[in-house]
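The structure appears below as structure tokens.
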Amino acid sequence: MANKKKEKRPPIVSKTLFYMLKVINKKAKGLYALYFLKFLGSALSEVQVLLLPKLLIDELELVINGADKAAHVKPVIIYVALTLAAQFLSRFLSNICDSHKNVYSNITDMYFQERLAEKCMEMDFQYTESSEVLDKQEKAKTGISWYSGGAVSIIDCFFQTLYNIALMITSVVIIAIYCPLLLPIQIIGMGLITYFNYRNQLIQLRDFAKLAKHNRVFGYVFFTLTDYRYGKEIRLYNGKDMMSRQADYWAQNQSDIWRNQAEERVKNDYCGDIVNAVRDGISYFYMGYRALKKIISLGEFTMCVASASRLYNSLLGIAMGIRQINEKCNYAYQYIDFMEYPSAISKGERKVEDKPHVIEFRDVSFKYPGTDVFVLEHVSIKIDPKEHLSIVGLNGAGKTTFIKLLCRLYDVTEGEILIDGVNIKEYSDEEYRKFFAVVFQDFKLFAFSLRDNIALGDISSEPKQEKIEEALKLSGLYEDAVKLDNGLDTMLYKSFDEKGTELSGGQQQKTAISRALYRNAPIIILDEPTAALDPMAEYEIYSKFDTLVGNKSAIYISHRLSSCKFCDKIAVFADKTIKEYGNHNELVNIEGGIYAEMFKTQAQYYVDSTKAAM
């Protein structure tokens, strides 16, 4: 059997560091000046700890051994003054850096959040229904924030590691001169501690992968508990206990992961503490012995003690810095990896021409990604310019999937879709969307003003009052809209405004229709546009259907077959394909036909309902 080549692992740390440096250079250049000031402050602190005590003690030792006091008073005063000045300046510079660093951290964090939001909105629609991609999104979100701390935290570790390298070199020079045997003691101790820290890092990285899905579900459950939109269902179905059980279950799952992690980590922490104790004991015994033998002076002993401490701290800082950089970069790389996630469908560059459009499905079959079951098979249909097509069929017949394929939210599995004889894959994504104004069955409104919700239909220019009012009048919402407290500027929902309005289901549907009409696209798609409307409002929409869509092509999905009379053609979906095709009069007269039976059933329902009401 031939050896399989191992997949080359990307240089995560170097790539992430370079990426973060680019972000800092773009959004927070002043951070470099802060690190320079912090380096100066830290250097002053080391001078205060390493050098000045040695000089001061040496002066005092000379006085104790009989030297002229008057001759050494001035140096002592100078060293004390320098110590105080170094301490003050060190803290002053450190405080300035820490306070301003938080500002840059917030700036870069906002940048990452905005980019992540943009990526989520720009990704191909099919990814919104992929658990794998949603898990990657959660890893990206938590990896660049909670776990890594963001760009400033990563670069902070990087510069702190560089500083510790400089401190290590200084400490090594001092120790090599005065207490050379301290070097192997510190290095061996540091190596053992690094090993135990590395084991803890592996535990953390392992659990990070587990927590991605847990965090997503955990967040959803607790978001639902506090979201007022679910208030009616939770109260009317007494769902509080069920929701609380779900919250307890996922909270317990997370707690178990953190508890197991802590139990595993504590063993390595204990081993590190033992190594530290042994290292300190041997180090102080060695330095004390040299001082007692007068091989080194008291000042040099003090400097060696401080240098040994600084050497250990610098080695620990380097090891921890490398570990943290590696750890943080691995977390943050989840963000970079997500941002580079490839498109599911290829985009062309062709532009939309300003002319009537012909739509054609040629032998199209489709199965959703990750499944082997076709939901549409061998669908062929041609929709002429300005034609009004009604699509009917039982639930699950593939009607909405047909629309998703036409809007290119998914690519066909087999066959092709053409507009004006051109495969839709040749159009650019942005240009292709200009073809359509769509109202899906599960449309969404936003917690913005009514004006903004409608103007969202066309963001290519500033909202136009007359155009918005025209769309509202066509949908039948205008009279309700002008009665609102702030008219078109009334906020929807109460998420951000206590005076926001809660539109009825029918008003929401009319708002969605208004948004589609405001777009003024050449092809209008309405997926159950009257599902939430009362019979009178439904009749109003039907009666002016031609006025609503004008001279545009229209595709209309509905379970209410009386609406089909307003359309030129009707496509009946069943058994994953188009079973019947024609106008209302043709289809209703097919003996035993699907459409005829559906229409007869619905007509009988309305007759029975009328008799019952009399």
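The values are calculated or read from the model by the stated rules, or taken from the named source; none is laboratory data. In this text the structure is predicted, and so the values were computed from the model without any measurement. Ideal geometry is used to build each Cβ from the backbone, glycine not excepted, and the neighbour counts take in all protein chains shown.
One residue alone among I96, I78 is under 37 Å from the mean Cα position of the chain (by Cα) and either assigned to a helix (DSSP H, G or I) or of a type in the set (V, I, T) (or both), and that residue is I96.
Residue by residue through the range 458-488, note down the ones that are in contact (Cβ under 8 Å) with a residue 40 or more places away in the chain and within 17 Å of V439 (Cα to Cα). Answer for the range 458-488, where residues must be in contact (Cβ under 8 Å) with a residue 40 or more places away in the chain and within 17 Å of V439 (Cα to Cα): D458, I468, A471, L472, L474, S475, G476.
Return the total of residues in the range 345-376 being of a type in the set (G, A, S) and crowded, with 16+ Cβ neighbours inside 10 Å. Let's see the steps before the verdict.
Just the residues of the range 345-376 that are of a type in the set (G, A, S), to begin with: 346, 348, 365, 370.
Still in the list and also crowded, with 16+ Cβ neighbours inside 10 Å: 365.
Selection size over the range 345-376: 1.
As a summary of the residue check, E431 satisfies the conditions (1) under 20 Å from Q126 (Cα atoms); (2) modelled with pLDDT under 90; (3) in a loop (DSSP other than H, G, I, E, B) except for the one numbered (3). The lone criterion from (1) modelled with pLDDT under 85; (2) in contact with a helix residue (DSSP H, G or I) (Cβ under 9 Å, 6 or more places away or on another chain); (3) acidic (D, E) left unmet by E233 is number (2).
Condition first: under 21 Å from F112 (Cβ atoms) and touching a Ser or Thr at 6+ places or on another chain (Cβ under 7 Å). Can you find one or more residues in the range 154-177 that meet it? Yes. Is it true that some residue in the range 440-448 is crowded, with 18+ Cβ neighbours inside 10 Å and outside any loop (DSSP other than H, G, I, E, B)? No: the range 440-448 contains no residue that is crowded, with 18+ Cβ neighbours inside 10 Å and outside any loop (DSSP other than H, G, I, E, B).
Within the range 137-160, one or more residues are at pLDDT 85 or above and within 30 Å of E300 (Cβ to Cβ).
Considering only the range 377-387, I want to know if a residue exists there that is farther than 27 Å from M123 by Cβ, among the β-branched types (V, I, T), surrounded by fewer than 19 Cβ atoms within 10 Å (Cβ to Cβ) and more than 34 Å from the chain's Cα centre (by Cα). Scanning the range 377-387 turns up at least one residue that is farther than 27 Å from M123 by Cβ, among the β-branched types (V, I, T), surrounded by fewer than 19 Cβ atoms within 10 Å (Cβ to Cβ) and more than 34 Å from the chain's Cα centre (by Cα).
Among the residues of the range 166-187 satisfying the criterion of being touching a residue at least 60 places away in the same chain (Cβ under 8 Å) and among the β-branched types (V, I, T), which is surrounded by the fewest Cβ atoms within 10 Å (Cβ to Cβ)? Among those residues, the one meeting the criterion is I187.
Among the residues of the range 564-601, those that are more than 16 Å from I383 (Cβ to Cβ) and crowded, with 22+ Cβ neighbours inside 10 Å comprise L587, Y595.
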